[in-house]
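Trainee: Can you keep this structure in mind? I'll have questions shortly.
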């Protein structure tokens, strides 16, 4: 065991030992071994319950093991799980229509992981730049923001500014310009005749729950429109209710040219992601130019349809807005010399500390609350949107206790 007191002789210790001996060491998880989950709570292999305040990075906005999504998964698994896109299936057309009606975009391109959907958007932007905007071959550029996190493929880490994501993985894919997040003047200066797109997270979650200045997204959208540049919003972590709106860009009343979804689109049951756009962008793809064996499979489509239905029918978007305001206000009332700042929107909140946050996350685990540090000094809080007010207050009480010891 790497953190805290040893767990010699327990089932937890046995499973951690197996993972450490046979698994790749590409993660540094907290040493809790989760066995099952329901709603906002999980239980470890020793039978101890914890309040999940990470939600698998927003993948379980609907809560763990939601019965309606589970039912959709089981029923579809009994029928057919995958056909490949060589054939049509009965679930995908309905997912297309439901996503289109929810978002207002004409077309949907389904994938599996969020990184795959981002790669899809990058390819679409470049091809649009050449075939629609008229950028000379192989000169298209995409502008991104410093401290971005859009995934971990070789191309995506090519435009990361985090050294740990890049070290040892070069040579890197060209064609990207990096500007400071929240700086409209820098964005305007970076746009050239070869710019095909601007890719941005409305809130930078992995970077420490960083919100841009008010008006930044609207200003960036206007700059893109004026210069015939695609505005592409990565809503993989922020979308589908997390910030108290269906999408974080709705807080500024804008409509991106491309929206990328993932995580909560699956309800935590099965990897589902999607790129959304209108015909001008999506029509650049022709048969054989892009695809995925599992993308758009009937099992994933059925799960995604149920996941969207839960968010809509249970009012979870509105719930995130209400409980998020309560959470942020309550955390800001905690008087602790450890806390530099509390920031966030909806149920996506960061507590920035004056020191590394790992030890504090360990202390919260001991109190029965699971969260994770990000960007070294920030505690990320993102509980399932189904969390009750009572459970949220329970969490706030323990956070206050740990921060004021």
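Trainee: Which number in (1) within 24 Å of residue 243 (Cα to Cα); (2) crowded, with 23+ Cβ neighbours inside 10 Å marks the one condition that residue 128 misses?
Mentor: Condition (1) is where residue 128 drops out.
Trainee: Also, I was wondering about something else. Of the residues in segment 330-349, how many are under 20 Å from residue 251 (Cβ atoms), in contact (Cβ under 8 Å) with a residue 12 or more places away in the chain and part of a strand (DSSP E or B)?
Mentor: The qualifying residues number 6.
Trainee: Another one. For the subset of segment 101-120 comprising residues that are touching a residue at least 40 places away in the same chain (Cβ under 8 Å) and in a helix (DSSP H, G or I), which member is farthest from residue 206 (Cα to Cα)? Give the steps one after another, and end with the answer.
Mentor: Just the residues of segment 101-120 that are touching a residue at least 40 places away in the same chain (Cβ under 8 Å), to begin with: 102-118, 120.
Imposing the further condition that a residue be in a helix (DSSP H, G or I) reduces the set to 102-103, 114-118, 120.
Details: 102: 27, 103: 25, 114: 14, 115: 14, 116: 18, 117: 18, 118: 16, 120: 21 Å.
Taking the candidates together, the pick is 102.
Trainee: Another question about this same structure. I'm trying to understand the selection: among the residues of segment 225-235, which are free of Cβ contacts under 8 Å to residues at least 60 places away in the same chain and more than 14 Å from residue 193 (Cβ to Cβ)?
Mentor: 225, 231, 233, 235
Trainee: Please go through segment 75-93 and give me each residue that is free of Cβ contacts under 8 Å to residues at least 24 places away in the same chain and more than 25 Å from the chain's Cα centre (by Cα), ordered by number. Explain how you work it out, then say what you get.
Mentor: Going residue by residue through segment 75-93, those that are free of Cβ contacts under 8 Å to residues at least 24 places away in the same chain are 78, 86-88, 93.
Across segment 75-93, the qualifying residues are 78, 86, 87, 88.
Trainee: Out of curiosity, is residue 231 outside any strand (DSSP E or B), in the same structural domain as residue 264 (by TED's automatic domain parsing) and either on the phi < 0 side of the Ramachandran plot or in contact with a strand residue (DSSP E or B) (Cβ under 6 Å, 6 or more places away or on another chain) (or both)? Let's see the steps before the verdict.
Mentor: Working: outside any strand (DSSP E or B): no; in the same structural domain as residue 264 (by TED's automatic domain parsing): yes; either on the phi < 0 side of the Ramachandran plot or in contact with a strand residue (DSSP E or B) (Cβ under 6 Å, 6 or more places away or on another chain) (or both): yes.
Answer is no for this residue.
Trainee: So if I check each of 83, 43, which one is in a loop (DSSP other than H, G, I, E, B) and either surrounded by fewer than 19 Cβ atoms within 10 Å (Cβ to Cβ) or at pLDDT below 95 (or both)?
Mentor: Matching residue, one of 83, 43: 83.
Trainee: Additional query: So, of the residues in segment 373-391 that are under 14 Å from the mean Cα position of the chain (by Cα) and in a strand (DSSP E or B), which turns out to be surrounded by the fewest Cβ atoms within 10 Å (Cβ to Cβ)?
Mentor: 374
Trainee: Of the residues 320, 248, only one is within 16 Å of the chain's Cα centre (by Cα), assigned by TED's automatic domain parsing to the domain that holds residue 386, surrounded by 21 or more Cβ atoms within 10 Å (Cβ to Cβ) and on the phi < 0 side of the Ramachandran plot; which? Give the steps one after another, and end with the answer.
Mentor: Working: 248 fails: assigned by TED's automatic domain parsing to the domain that holds residue 386.
Of 320, 248, the one residue that is within 16 Å of the chain's Cα centre (by Cα), assigned by TED's automatic domain parsing to the domain that holds residue 386, surrounded by 21 or more Cβ atoms within 10 Å (Cβ to Cβ) and on the phi < 0 side of the Ramachandran plot is 320.
The values are calculated or read from the model by the stated rules, or taken from the named source; none is laboratory data. As the structure is a prediction and not an experimental result, all values here were calculated from the model. Cβ coordinates were reconstructed from backbone atoms using ideal geometry, including for glycine residues, and neighbour counts include every protein chain displayed.
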